[in-house]
Structures are given as structure tokens and as C-alpha cells.
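Some notes on the structure that comes next.
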Amino acid sequence: MRAAVYDRYGPPEVLRIAEVPVPLPGDDEVLVRVHASAVGAVDSIARRGVPRQIRAYLGLRRPRIHVLGADFAGEVAAIGAKVTRFAVGEQASGTIAPRFGAHAEYICVSENGALAPKPAGLSHAEAAALVDGTALSFLRDKAKLHAGQSILVNGASGSVGTAAVQHARAFGATVTAVCSGANEALVRSLGAEEVIDYTKEDFTRTGQTYDVIFDAVGTSSFSRCRNALNPGGIYLTAASSLRILLQMLWTKAFGKRRAMVAYTGLRPAREKLNDLRYVTELVMAAKMVPVVDTTYPLQQIADAHRYVDAGHKRGNVLVTPTSED
């Protein structure tokens, strides 16, 4: 099968298409023919090997994981002898995070992993765009966001941000979105009531305060956002650092305003599976829509990474490994 591989850390040019063996499913595994898989910030970070502490997992000098990609949608091509949840030919979507391997034509997933039937009526690209549970985990599990609260989403037009806006509205919160002016119509269509154009205004200096600030792109900080939080408010960031870890510990013990970071990809597969089912319910109830910016054929994986690296994507970027997609 074809896969996008890399053997050294670096720019998008380190990625190349190679022939690798098709994985064989074990007794409790499902072999999925991948029709679409997401290319996101985590893939970019892993490709670059920066920040360097992630190399403790990926490989100190060279990557020991050669195929990136975690979120996908496709068709069940084969099943193990003990598999009962899926049958050959079924459409499915899921994630193998924190592992990688979805930027390939086939992938093996445990039957008990984060794999669910693809939402009816969605394309494979749209289904793959809905798999990432980062926003849901932050807002529901960390912030305990609920009706009547106010939330500001920084980076609201990206893949995590567009999901965050929709989840926040589903929880009944009032949403302020921070993005470029060009994306105002998009985030308003997803449920944002107020929009701040970051190219013209600093959201930390408007005088407005919020119950929750979710920095989906990691371009701000708790120190900058502190005065924009209501007493008892929570600052969430998807960007890990030693500073935010120390701030999380300090504010938990002493602060009137909390700082939090979470590693949502490390959650148990059962939790991620429940998230997939929940998102499917939202889609079926017309309370959530996938946001797909661009799709690339697998052979243009380097172009997909360049686009993600540029930091201006609207929603999700995906690659389609199978030729008919």
C-alpha cells in the first residue's frame, strides 16, 4: 500500500510517498481502507520534532514513527476472527491517537478502540473532520461549560476552534470568536454571537470579561488573559509548556482564576468512542456541521503540511489516500 512516510525531522519536504506492507488485523482488530484522514497541528509538530521534548516519544534523533495521521474515515476491508462490532463493507470513522499511521491507504484499529459507524449522509472527508475530540474534552470535561456562561474562543476559525464554537453553543453558552475578519461569516454561521478581528483588536484589551477563554491555537497566555476572565473564570490552552503546567498547579491551589492545559489525545479509547457517538447525535440533530477547508490527494501530503504550517486554514485539512476520492 501507499503511505506518506518521513525518516527525519524537518520541513514538509521530508515527507514522501512510499510502498509499505498492508497491516494484518489481529483477532480483535479491524482493517480500514482509509478514504480520508486529517492533517493537523499535531502532525506538523511531529514532523518537525519541535518542541524537542516530544522526541522522547517520537525518537530522539530520528522519528521511530514513520507514518503520521491519527483521525480518519473509511471502509472496513477485513476483520479479525473475534470481531463482532463491525462487518466488511461498513463505513467507519475514528482515531488512533496518540498513535499515528492514518496517512496511508490502510490502517488497523482495535475493535474496542475509538472506531464508530460513519455518520449517515456525510462524506468521508466530513466524517474525518469531526473525529478530533479536543474541543469537546476541554469545554465539557475541563471547563464544565454550561448554559448562561460566556466563552471566548481564540483561533475560532481553525479545526479545533470551529468545533469549540459549535460545542459551546450546544452547551448553551454565549460565544465570542477571535479570528481574522475574512472568517467572520464562517464563525457566525457556526454560532458565534460576537466576533473580534485579531488583526485589528487585541481581545485582552477590549474591557470585556468571560467565564472561559479557550486558546485553541496557543497564541496567547494566561498572564495576558487573566484580566479578561471573570472571578472564578478558567483559561484553557491547547499548547503545552512548562509555564502553563506551573500556572495550572499554582492557580488550582491559590488562584481566583484558573489556568488549565489537557492532553486530550491521551484519554482512554472508550472516552473517545463516546465522544464520537455524541458528535454523531449532534450532527443528526443538525446542531453540528463539519468544516472542511481543503482536501489533497495523498501524493500532495507535503502541500497539505505547508498549508497547515501557514496557520490560516478554515476548519480542517484532509488527505485522500484512495484514488476514487
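Side notes on the structure shown:
- For the chain, the alpha carbon positions stretch 57, 46, 39 Å along the principal axes, listed from largest to smallest.
- Ranking of LYS287, LYS200, LYS313 by solvent-accessible surface, largest first: LYS200, LYS287, LYS313 (1.4 Å probe, protein heavy atoms only, all chains present).
- Accessible surface of ILE17 - all protein chains present, 1.4 Å probe, nearest 10 Å²: 60
- Approximate shape of region 117-161 as ellipsoid semi-axes (Cα gyration tensor, √5λ), whole Å, largest first: 24, 13, 9
- Solvent-accessible surface (1.4 angstrom probe) belonging to HIS146, in square angstrom, nearest 10: 100
- Straight-line cross-link reach from LYS200 at under 23 Å between alpha-carbon atoms covers these lysines, not counting any fewer than eight positions away in the same chain: LYS313.
- Cα centre as origin, Lys/Arg/Asp/Glu Cβ charges: region 19-140 dipole, Debye: 760
- Taking THR295, THR219 and ordering them by how much accessible surface each has at a 1.4 Å probe, largest first, produces THR219, THR295.
- Put simply, the amide H of GLY158, placed in the peptide plane, has neighbours under 5 Å in GLY315, leaving out anything fewer than 5 places away on its chain.
- If R0 is 45 Å, the Cβ-Cβ spacing of ALA56 and LYS200 corresponds to a FRET efficiency of close to 0.65.
- By the rule of a C-alpha distance below 25 Å, with chain neighbours fewer than 8 residues away ignored, the lysines paired with LYS144 are LYS252, LYS256, LYS272, LYS287.
- Once the mean of 1/r is taken over each pair of separate Cα atoms and inverted, region 205-325 shows a Kirkwood hydrodynamic radius of 17.5 Å.
- Of the beta bridges in the chain, as assigned by DSSP with both residues counted there, near 50 percent are antiparallel.
- Apportionment of accessible area to carbon and sulfur, region 1-89, percent (1.4 Å): 58
- Ordered by 1.4 Å accessible area with all protein chains kept, GLU105, GLU184 run largest first as GLU184, GLU105.
- Residue with peak Gaussian network fluctuation, the chain [Cα springs, cutoff 10 Å], from VAL279, VAL76, VAL42: VAL42
- Once the Cα-Cα distance is subtracted from the 0.36 nm per residue extended length, the ALA81 to ARG64 segment shows a gain of 3.1 nm.
- Using a probe of 1.4 Å, the accessible surface attributed to SER123 totals some 50 Å² when neighbouring protein chains are kept in position.
- Note on region 63-173: Kirkwood hydrodynamic radius from all Cα pairs is 15.7 Å, rounded to one decimal.
- Gyration tensor analysis over the Cα atoms of region 121-263 returns equivalent ellipsoid semi-axes of 23, 17, 14 Å (largest first, whole Å).
- Mean accessible surface per residue for region 122-174, computed with a 1.4 Å probe while every protein chain stays in place, in Å²: 27
- The separation of region 100-151 from region 278-292, counted between C-alpha centres, amounts to 11 Å.
The values are calculated or read from the model by the stated rules, or taken from the named source; none is laboratory data. All values reported here derive from a predicted model rather than from experimental measurement. Positions of Cβ are generated from backbone atoms using ideal geometry, with glycine treated the same way; all protein chains shown enter the neighbour counts. What goes into the accessible areas is simple: the full protein's heavy atoms, side chains included, and nothing from ligands, DNA or RNA. Shrake-Rupley method; radii C 1.70, N 1.55, O 1.52, S 1.80 Å.
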